[in-house]
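Contents: one structure, followed by commentary.
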Amino acid sequence: MTVLSMSRAEIDRVHVLRDVVAERMTVREAAQLLRVTSRQAFRLLKAYRIGGPAALLSKKRGKPSNRAYPAIVRSEALALIKTHCVDFGPTLAAEKLAERHGLHFGVETVRRWMLGDGIWKDRRQRSKPVHQPRHRRDCVGELVQIDGSEHWWFENRGPQCTLLVFIDDATSRLMHLQFVETESTFDYFRATTAYLKRYGKPIAFYSDKHATFRVNKVGATGGDGMTQFGRALHELNIDIICANVPQAKGRVERANGTLQDRLVKEMRLAGISTLEAGNAFLPAFTEDYNRRFAKVPFSDNDLPLRISSRRS
C-alpha cells in the first residue's frame, strides 16, 4: 500500500474530483469550488482518471526551488562564515558578508544555511528562562541604566578589562561607553562627567549593588550611609536606584550580552587590541548600534530636563 503525502489543497481536489467522477457534481461546479478555469478542471479530471490521487501531486515536490542559490554559492558563503565569522549570529554574518566580501544574502537565507550546517542554533535550542519585562519610562533621560561589564573584550589580543555602559531606559540607546581597567569609583566619576557634559542631568540612574553605588559593609554605622558617588549624585539632585536582581535592569544586561557579541567581533575585524584604540572606536560603533537597535520613546517632550533644572 502506497502512502501519499498531500497538501490540504491537493486533498480538497481529490474530494471534488471524486464527486465529479461519481456524477454528484458537474465539471463547471468543480471548477468554481477549486477556483480554477473549466479547462484546468478538465485537465485535472483527466489526470485523476488516468493516475488516481497520485496524479494530482505537485511535480515540484522534493526538487530545489528555481530561486535557490547554486550549491557552490552556498558553499562559498559558509566557508567565509566558518573562516571569519564562525561565532557570529546570522544577522551580523549577513552584514559582514555584504560589507567585506560583496555577497548580499537575506538574513533568513544565511540563518537557514547556518542552521543546516550546524554552526547556529535556533531560538528554542538557545532558550533561557523568561522574566517579565519592566515597562519602559516615557521620556529620554528619565532613567539611565548603568553597569560595568568585565570581559575579554579584546580576546587574546589584549588584557581583560571592563566596559562601562550607560543606556537610556526609554529608548535602549547607548548613551555612553567607556573601556576602563577596573570598575572603580573614579572611573564611574569620569564616565558620569562625560555623560552629564553631553546630555545633561537625568532624573535617576539605575544600577546594581556595586560598592560604588551602595554601602555594602555589614554593620557600617558611621557616616550618612552614602558612597562618594551617591553623595555627588545627591548634590546634583540625581537619584540612584539599586536593583535587587540583575533581571530588574534587564535592558543594560541584554545590551551587555549584545555588546559582548557584536562589539568583540567588530573590534576583532578592525584589529583593535588596546583600551585607547577601543575607546577611539566606540563613538562610531555606538552611532551604528543606536541606528540599528534604538527605540522611539513614548513621549518626546523635555520633561526630565525641566524636572532636573527645577530641582537644581
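For the reader, a short list of remarks on this structure follows.
- With the simple spin-label model, which puts each label point 7 Å out from Cα in the Cβ direction, the R43 to F189 separation comes to 8.2 nm.
- For K96, K59, order by how many other beta-carbon atoms lie within 10 Å, fewest first: K59, K96
- Cα→Cβ-extended label distance, 7 Å offset, between T91 and K209, nm: 3.3 nm
- Cα centroid of segment 136-169 to Cα centroid of segment 24-74, whole Å: 57 Å
- In this Cβ point-charge picture (+1 for Lys and Arg, -1 for Asp and Glu), segment 71-117 has a dipole of about 60 debye about its Cα centre.
- Cβ crowding within 10 Å, taken as a proxy for footprinting-reagent exposure, orders H151, H104 from fewest neighbours to most as H104, H151.
- HN-Hα J in Hz across segment 98-112 - Karplus 6.51, -1.76, 1.60, θ = phi - 60°, x for Gly and Pro: 6, 5, 9, 10, x, 9, 9, 10, x, 4, 5, 5, 5, 4, 5
- Ordering V14, V140 from the fewest to the most neighbouring beta carbons within 10 Å gives V14, V140.
No lab work stands behind these numbers, since they all come straight from the coordinates. In this text, all values refer to a predicted model and were calculated from it rather than measured experimentally. Quick reminder, even Gly has a Cβ in these numbers, built from the backbone with ideal geometry, and neighbours come from all protein chains shown.
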